[in-house]
Amino acid sequence: MAEHKKPVIIYGGSFDPPHRGHLELAAAALRQLRPAALYFVPGFLTPFKDFAPAPYAGRRAMLRAALAAAGLGGRAEVKISPFEAARRRVVYTWETVAHFRRRHPGAPLYFLMGSDCLAGFGRWRRPDFILAHARLLVGLRPGHALGRGEYPFTPLAGRFPEADSTAIREQLFLGRRPARLYPVVNDLIGKKGFYLGRERALLKKTLTPARYAHSLHTAALAAALAPAAGAQRQKAALAALLHDCARDLAPAALRRLCLPLARRDAALRETLKEAPVLAHAWAGALRARTLFGVTDPEVLEAIKLHATGAPGMGPLARLVYLCDLANQGRAFGEAGLVRRLAFIDFEAAFRAANYVKLVYAFAGGGWVHPLSVQLWNSLQEKKSG
């Protein structure tokens, strides 16, 4: 077969991060088709993700490291294409296929994917255009059978591991080293501070070990419950990690930080007077913005309201409020009950979390925050209405 007639394989995706599943799929495609080229095409942005991807340069560096670890880095036919990233926008697969069709006229063109992606192919932009110019090359992954389906494809010999990038990122947000990543990729992530690594490192310096452990427990539960709460996992992990970022400030420092805010916030003024320790939530939102560079209003709201709650809280704020009470690190029995309920019925668990917090506050015989009472009243009105 002439060189220009050899197949060309396109492998697009976010590669955020690149894992063993990606590389095993590519290695099998190389063995089966012996192509003239296999192009990894990391996207700059992708229309199907609900998270902020790691920077393109970082994903490219991780992909290079993964290729080297998999023994593919030195192969001339394996390339990383900057086509999509150079456009600095969402680039749809049909555009990528059109680009490589122009670049390799006359060559059989394949688009590589796992069987987990095949089921959603009909929702892609211009699937008929893609199929007119390239053939799908599909590897079988657990839980996603290679049936005959609606669209023609070439099956890739072998069976490939589950490739849940969402679960991998969830582990990374918590500072873990997922086994699905090559060690060199985990090392690079740690060095560069990707996937909230920078935020965790700074947070660890500002909190006691016990408070930092509580923050990790809260983030783990928030990431797991995010879909049930209608929140994004990355935002959930970030807000939960930082919710107590001002909790270990000395009382005088906490007061100094809050006083300028209190001039225009009556609830904070009352908090500083009656229960100053609760002001750490307001101070935390301020520190998240000034020290950690957080600008997302949903994340800042979640930090500000995690201690008291308030009527009209957004989904992310409700999630962090619940997880602060119910995370795995809490020793009292009600925490476990609320946690288990949250995986069955999040709304009921949220109401239960508010109830538990109020019961503890009233049992203490001290001041009960009006925002917490207002939240309870609003939830009862909603329930009865």
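The values are calculated or read from the model by the stated rules, or taken from the named source; none is laboratory data. Treat the numbers as computed from the prediction; the structure is a model and nothing was measured. Every residue, glycine as well, gets a Cβ built from its backbone with ideal geometry; the counts of neighbours run over all protein chains shown.
Based on this model, can you work out whether Leu140 counts as more than 24 Å from Leu249 (Cα to Cα) and not assigned by TED's automatic domain parsing to the domain that holds Ser115? It would help to see each step written out before you state the result.
Numbers: more than 24 Å from Leu249 (Cα to Cα): yes; not assigned by TED's automatic domain parsing to the domain that holds Ser115: no.
Answer is no for this residue.
Which of the residues belonging to the stretch 156-174 are part of a strand (DSSP E or B) and not small (Gly, Ala, Ser)?
Residues satisfying the conditions are Leu156, Arg159.
Given the criteria surrounded by 16 or more Cβ atoms within 10 Å (Cβ to Cβ), touching an Asp or Glu at 6+ places or on another chain (Cβ under 6 Å), farther than 25 Å from Leu72 by Cα and of a type outside the set (D, E, K, R), does Leu207 qualify?
So Leu207 passes the test.
If the requirement is being buried (at least 22 other Cβ atoms within 10 Å of the Cβ) and acidic (Asp, Glu), which of these qualifies: Asp248, Asp244, Asp265, Asp296?
Being buried (at least 22 other Cβ atoms within 10 Å of the Cβ) and acidic (Asp, Glu) holds for just one of Asp248, Asp244, Asp265, Asp296, which is Asp244.
Among the residues of the stretch 87-95, is any within 15 Å of Gly12 (Cβ to Cβ), without any contact (Cβ under 8 Å) to a residue 12 or more places away in the chain and either of a type in the set (D, E, K, R) or touching a strand residue (DSSP E or B) at 6+ places or on another chain (Cβ under 7 Å) (or both)?
yes
Considering only residues that are free of Cβ contacts under 8 Å to residues at least 24 places away in the same chain, small (Gly, Ala, Ser) and crowded, with 16+ Cβ neighbours inside 10 Å, which ones fall in the stretch 268-293?
Ala285
Identify all residues within the stretch 139-165 that are closer than 19 Å to Pro127 by Cβ and at pLDDT below 75; write none if there are none.
His144, Leu146, Gly147, Arg148, Gly149
Between Arg159, Arg176, Arg169, which is surrounded by fewer than 16 Cβ atoms within 10 Å (Cβ to Cβ), within 23 Å of Cys323 (Cα to Cα) and not assigned by TED's automatic domain parsing to the domain that holds Gly329?
Values: Arg159 fails: within 23 Å of Cys323 (Cα to Cα); Arg169 fails: surrounded by fewer than 16 Cβ atoms within 10 Å (Cβ to Cβ).
Answer to the check: Arg176.
With the requirement that a residue be free of Cβ contacts under 8 Å to residues at least 12 places away in the same chain and farther than 17 Å from Gly21 by Cα, what does the stretch 171-186 give you?
Arg176
For the stretch 333-385, name all the residues that are outside any helix (DSSP H, G or I) and under 21 Å from Val277 (Cα atoms).
Here is the first cut: in the stretch 333-385, the residues outside any helix (DSSP H, G or I) are 343-345, 364-369, 385.
Answer for the stretch 333-385, where residues must be outside any helix (DSSP H, G or I) and under 21 Å from Val277 (Cα atoms): Gly364, Gly365, Gly366, Trp367, Val368, His369.
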